[in-house]
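K.L.:
Questions regarding the structure given below will be posed in turn.
The values are calculated or read from the model by the stated rules, or taken from the named source; none is laboratory data. As the structure is a prediction and not an experimental result, all values here were calculated from the model. The protein model used for the area step is the full one, side chains on, heavy atoms only, and it has no ligands, DNA or RNA in it. Shrake-Rupley method; radii C 1.70, N 1.55, O 1.52, S 1.80 Å.
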Amino acid sequence: MRCNVGEAIHTPALGLLKKVFVGGIVHVVPPFYSLISGCNEKQDKDRKLWIEKTQTAYTNGIHLAFSNDNDNARSTSRLNSTTKESAAALICPIIGSGARGAPFEKSGRIAISSALQWQRQKQDQQLKKDDALQTI
């Protein structure tokens, strides 16, 4: 299965990994980072696009790991989609910082901000649900 930049998929954990990662593994595809020096308009656009695509990759991976809504989830698991449960914890490397060339510090900041933004969105959704239930 091929993924585009920013996409996330869930695969079952096998062998030794199954003992450690009980629920499976979420794979994401980060963008390549090209060293951007200088400050012209093209380089600024490239930098913004890299940040946006990296945020998308983190957000999609986090959503897939913690959401039990399978409508938007890509999965290679042969399990019945109704049995997929959301994760209780997530271990996440700094994506893109290996072969894709992203600086650890920049990608790490994006990881933290993406996780916090995802958490705020989930809290806002829950507050809206609570408000809707109270008005009934």
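K.L.:
What number of residues in region 88-119 are of a type outside the set (V, I, T) and closer than 16 Å to A65 by Cα?
P.N.:
Residues that pass the stated criteria total 12.
K.L.:
If you don't mind, there's one more thing I want to ask. So for region 27-50 (the condition being among the hydroxyl-bearing types (S, T, Y), open to solvent by 80 Å² or more (accessible area, probe 1.4 Å) and either modelled with pLDDT under 85 or more than 19 Å from I110 (Cα to Cα) (or both)), does at least one residue qualify?
P.N.:
The answer is yes; a qualifying residue exists.
K.L.:
Right, something else. Out of all the residues in region 121-136, which are among the aliphatic types (A, V, I, L, M) and open to solvent by less than 90 Å² (accessible area, probe 1.4 Å)?
P.N.:
A132
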